[in-house]
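Encoded as structure tokens, the structure appears first; notes follow it.
The values are calculated or read from the model by the stated rules, or taken from the named source; none is laboratory data. As the structure is a prediction and not an experimental result, all values here were calculated from the model. Cβ atoms come from the backbone with ideal geometry, glycine included; neighbour counts cover every protein chain shown.
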Amino acid sequence: MRILHVAAEIYPLVKTGGLADVLGSLPPALAKRGLDARVLLPGFPGILNGVVGLKPIFRIGPVFGAAVVTLSLGRLPDSGLQAYVIDAPFLYAREGNPYVGPDGYDWNDNHRRFALLGWVAAHIASGELDPEWRPDVVHAHDWHAGLVPVYMAQNPGLKTPSVFTIHNLAFRGIFPMDCHAELGLSARKLTPHGIEFHGKISFMKAGLVYSDRITTVSPTYALEIRTPEFGCGLEGVLSDRGSDLSGILNGVDYDIWNPDDPVIAKSYSADSLDGKKACKLALQKEFGLSSQAEGPLFAVVSRLFSQKGMDLLLAAMPDLLREGAQLIVLGTGDGDLEAGFKYAATANPEKVAVYIGYDETMAHRFMAGADVLLVPSRFEPCGLTQLFALRYGTLPLVRRVGGLADTVVDATADNLAADTATGFVFDDPGRHALGARIREVCALYHDETTWRQIQRRAMVQDYSWDDSAAHYEVLYRSLLA
Ligand code: ADP
Ligand code: GLC
């Protein structure tokens, strides 16, 4: 079975978040099951430099404002899987973030940049660009690939089924209605039953309306997004398509995220946690934090935005500090939140440290060295960092939403008695609930036996990709049946 994955990011070449992790791991996990999985990516500098042995296979000519567009084929550096790359320098040869320019604003031609991605996918599906390989199923990810099923639908002879996966509904890919002509979208599709969204065009809605099946990255988020609270205005479409919508949990690549990885101070395992102490000391030293703190070391590895509940954490900071705990933050994002954490670090140099930036190896050192990973998200489609944390015996403290609710078992008295607890969960998205849970976690930290018990339980959880890939395979087969 041939599957074409279409996305804007892939670990380790271009990454702004978990979407890249998924693209780096899911296609190889499918290949391990015997499927022929390939990816299609925009030719950003990181992709052109990273994909190995790229050879042009089709000169597409001028489309979407680009004078020269070439489709090339090469191999992904780690997995060796085949990768199609759209080389369109006018649209993609820009350093830095794939969506946002150096001024911090979205590129003003994003509609064309990502329409091209969808258009090429549809033409690979029809066999026009690579006569030697036609996918049986096309699998598009997030709004960047939202036009894939639309361009496929505009080819009446094309019967290839499509799957569309929502990684984050909050990014809806909204553009002015008058760009439809530029994108070659037929007028019939510009209605509320099609891709119109409050007088504009939404690429996300396009994916939701025109794909054969919709998935999202956890079962709980698949239910939440049918409600106004989480649906971002698309809850109606998602409810209408409820029978085609399901949640498949993301996995973790344990070859990359494991407490024997080469960048941490000392390796350890569920049976022998001594190395974790060395990792904590090394991290405290690296950031000038006291090694004599009474309370646990809390960590954040995250985009710093309100989605991630970072404002709640800033508000709950007095609770954390009062308990003698420490906090270490790795992230970038909203300027106000960055400033808030920096201020806290300056005011409490032995207790709070902040690294504003993006650093993949530092993320590993945080996972290994911290006692607790904080993920107090307002919404969380799946979340990967809590899964990494579990494997490192760093107990996640999460809000009960989306994939966080599906993957962390709260240390309640019942769950502790049943030995199922793997972390800590709170409900109310207010400062007080998080602060209260932080205080309880600090108290429990002093009960070493119980803490160990939860750590061991957390570390043996299996969120590898095998299970998730099996679910996707069942979905693909159901479309071909
Ligand atoms: P999201 O995709 O919403 O940002 P996820 O938890 O799914 O959330 O994935 C985030 C990914 O990005 C993880 O791999 C995490 O380790 C990584 N990450 C986030 N911020 C940073 C950072 N500042 N430095 C290094 N890695 C980061
Ligand atoms: C999105 C979500 C995150 C999810 C990731 C990968 O960025 O915010 O929860 O884990 O996609 O699916």
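A compact table of results
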read-out: Some residue of the range 415-437 being assigned by TED's automatic domain parsing to the domain that holds ALA299 and within 18 Å of the chain's Cα centre (by Cα); value: no
read-out: Residue in the range 19-34 that is assigned to a strand (DSSP E or B) and either within 30 Å of ASP255 (Cα to Cα) or within 23 Å of the chain's Cα centre (by Cα) (or both) present; value: no
read-out: First in the range 391-414 and within 18 Å of GLY369 (Cα to Cα), second anywhere and within 12 Å of ligand 1 (Cβ to nearest atom) and part of a loop (DSSP other than H, G, I, E, B), Cβ under 6 Å, 6 or more apart; value: ARG391/TRP257
read-out: Where ALA93 falls short, out of the listed (1) closer than 30 Å to ILE256 by Cα; (2) surrounded by 13 or more Cβ atoms within 10 Å (Cβ to Cβ); value: (2)
read-out: Selection count, the range 32-55, where residues are buried (at least 18 other Cβ atoms within 10 Å of the Cβ), farther than 15 Å from ARG94 by Cβ and among the small types (Gly, Ala, Ser); value: 2
read-out: Residue identified as surrounded by 15 or more Cβ atoms within 10 Å (Cβ to Cβ) and among the acidic types (Asp, Glu) among ASP253, ASP271; value: ASP253
read-out: Count of the range 325-371 residues which are under 15 Å from ARG303 (Cα atoms), within 22 Å of the chain's Cα centre (by Cα) and in a helix (DSSP H, G or I); value: 7
read-out: Check on GLY333, surrounded by fewer than 21 Cβ atoms within 10 Å (Cβ to Cβ), within 30 Å of THR16 (Cα to Cα) and either touching a helix residue (DSSP H, G or I) at 6+ places or on another chain (Cβ under 7 Å) or not charged (D, E, K, R) (or both); value: yes
read-out: Pairs where the first residue, in the range 285-307, is at positive phi and the second is in a loop (DSSP other than H, G, I, E, B) and surrounded by fewer than 21 Cβ atoms within 10 Å (Cβ to Cβ), C-beta under 9 Å, 6+ apart; value: GLY288/PRO349; GLY288/GLU350
read-out: Residue satisfying all of: in the range 225-243; over 25 Å from ARG188 (Cα atoms) and touching a strand residue (DSSP E or B) at 6+ places or on another chain (Cβ under 9 Å); surrounded by the fewest Cβ atoms within 10 Å (Cβ to Cβ) among these; value: ARG226
read-out: Residue pairs meeting the criteria (Cβ under 9 Å; at least 6 apart or on separate chains; first of a type in the set (Lys, Arg), in the range 10-22; second near ligand 1 (Cβ under 7 Å from one of its atoms)); value: LYS15/ASP21; LYS15/TYR358; LYS15/GLU360
read-out: Which listed residue, of GLY24, GLY65, GLY17, is more than 16 Å from ligand 2 (Cβ to nearest atom) and either modelled with pLDDT of 95 or more or in the same structural domain as VAL474 (by TED's automatic domain parsing) (or both); value: GLY65
read-out: Residue count for the range 388-406, restricted to those that are part of a helix (DSSP H, G or I) and either within 9 Å of ligand 2 (Cβ to nearest atom) or out of contact with any Gly (no Cβ under 9 Å at 6 or more places or on another chain) (or both); value: 6
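So that you can scan it fast, the table gives a plain yes or no per residue for (1) over 26 Å from GLU294 (Cα atoms); (2) buried (at least 19 other Cβ atoms within 10 Å of the Cβ); (3) more than 9 Å from ligand 1 (Cβ to nearest atom):
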{"site": "MET362", "(1), (2), (3)": "no, no, no"}
{"site": "PHE388", "(1), (2), (3)": "no, yes, no"}
{"site": "PRO396", "(1), (2), (3)": "no, yes, yes"}
{"site": "ALA405", "(1), (2), (3)": "yes, yes, yes"}
{"site": "PHE426", "(1), (2), (3)": "no, yes, yes"}
